[in-house]
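Student: Just dropping this structure here.
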Amino acid sequence: MDPVTSTESKKIEPTKLALKKIEPSRSHDHSKDSPAELINELKNIKQFMVQQMKEENLPESLRLLKAQLTAQEVAPEISADLLAKLMSKVGGDTTRTLDSVRLLAREELVAIIEAHQSQSALQDPEVICFIGPTGVGKTTTIAKIAADYMLTKDKKVGLITADTYRIAAVEQLKTYGGILNIPVKVVESSTDLTRAIEEFQDCDIILMDTAGRNYQQAKYIEELKRLLPTDSKVQIHLVLSLTSKYEDMRKIINNFGSISMDELLLTKKDETGSAGAIVNLVCQYDIPIRHIANGQNVPNDIVAFTPELAADFIMGEENHA
């Protein structure tokens, strides 16, 4: 299934350019179309957009831009939407420099991200639980966020870890806790977790680490569901690595469908030259992205997500990272 045309996804609005090319019969009443017919028509429009954005139909500056978007693994429909918007502005103007076209592309990319990004429903959680597969860097990222709460927001932080599966995982979080002077509690069950949260009542925020498992297997997700607290003041943050294939990210998010995910946190930006997954996630899923981690250093290597930052990553403006 195409990542952006999924029926569960947010839909990217087709451009006026594409709509003019496939104008339906004026006598056709779309109000009587079934949902399946409307979805199929939208898919056809998007497929036409992709065809129109073939190399031979683009000026040189946009061909170079398309190549960059492809290299960044931006979904074809998002790339086509962006290029169509630029075609309406640039057209056959051969006087435009590549730099001016790139500047326009960045502005349009920011607008696309702004139009699709969602906001977190809970702005002031009491507990944040971090979930995700193995090797994405949850523990190190939690330490960065804990330091930010302490040093920037002057909050009292408590740390909880349920990662008793990975060798030295508990010791790793305790080491960070010792450096930051933050108390750490280890839990193995929902009863332990309830008790630990009660003991941290004097904390402004509690950050909880969970075990990284193979979440392609439903049994591990069920185990996690039984452990996670369900209080209204609890947020669930899914941590994903930008070094993963986008299709694998999609599978992980979809497998977590039975768990209400409040935010996404993306890691390992420094280990990949591809950032297209960021805009793909924003356009497909109604889950806000809060942070992007770009290194191993605690507490420095983490940045707040903004449309401008994502656009800079995709356009290769690494100086903005």
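The values are calculated or read from the model by the stated rules, or taken from the named source; none is laboratory data. What you are looking at is a predicted structure, and each value in this text was computed from that prediction instead of being measured. Here Cβ is always computed from backbone atoms with ideal geometry, including for glycine, and neighbour counts include all displayed protein chains. Calculation scope for accessible area: heavy atoms of the full protein, side chains included, ligands and nucleic acids excluded. Shrake-Rupley method; radii C 1.70, N 1.55, O 1.52, S 1.80 Å.
Student: Sort largest first and round to whole Å: the equivalent ellipsoid semi-axes of the stretch 60-114, each the square root of five times a Cα gyration tensor eigenvalue.
Tutor: 17, 12, 10
Student: Given a 1.4 Å probe and every protein chain left where it sits, what share in percent of the accessible area of the stretch 66-173 is carbon and sulfur?
Tutor: 53
Student: Want the number for Gln216 to Asn181: 0.36 nm per residue separation, take away the alpha-carbon distance, what's left?
Tutor: Difference between extended and current length: 9.0 nm.
Student: Under the definition of Cα pairs under 8 Å and six or more residues apart, what whole-number percent is the relative contact order of the stretch 224-311?
Tutor: RCO, the stretch 224-311: 26 percent.
Student: Where both residues lie in the stretch 158-302, what percent of DSSP beta bridges are antiparallel, nearest 5?
Tutor: Bridges in the stretch 158-302 are about 5 percent antiparallel.
Student: Let me ask you something else. Let's see if you can work this out: charge +1 on each Lys and Arg Cβ, -1 on each Asp and Glu Cβ, no other charges. What is the dipole magnitude of the stretch 231-300 about its Cα centre, in debye to the nearest 20?
Tutor: Using Cβ point charges on Lys, Arg, Asp and Glu, the stretch 231-300 gives about 80 debye.
Student: Please find the FRET efficiency linking Asp204 to Asn297, where r is the Cβ-Cβ separation and R0 is fixed at 22 Å, and quote it to the nearest 0.05.
Tutor: 0.35
Student: Per residue, how large is the accessible surface of the stretch 243-321? Use a 1.4 angstrom probe and give square angstrom.
Tutor: The answer is 38 Å² per residue.
Student: So if I place +1 on the C-beta of Lys and Arg and -1 on the C-beta of Asp and Glu, and nothing else carries charge, what would the dipole magnitude of the stretch 189-321 be about its Cα centre? I want it in debye, nearest 20.
Tutor: Dipole about the Cα centre, nearest 20: 580 debye.
Student: Using 18 Å as the Cα-Cα cut-off, could you pick out the over-long pairs in Lys138/Lys185; Lys144/Lys268; Lys185/Lys219?
Tutor: Lys185/Lys219
Student: Arg213: accessible area at probe 1.4 Å, nearest 10 Å²?
Tutor: Here the accessible area works out near 40 Å².
Student: Find which of His237, Phe305, Leu227 sits farthest along the positive direction of the dipole of the stretch 188-318, computed with +1 on the beta-carbon of Lys and Arg, -1 on that of Asp and Glu, about the Cα centre.
Tutor: With unit charges placed on the Cβ atoms, the residue in question is Leu227.
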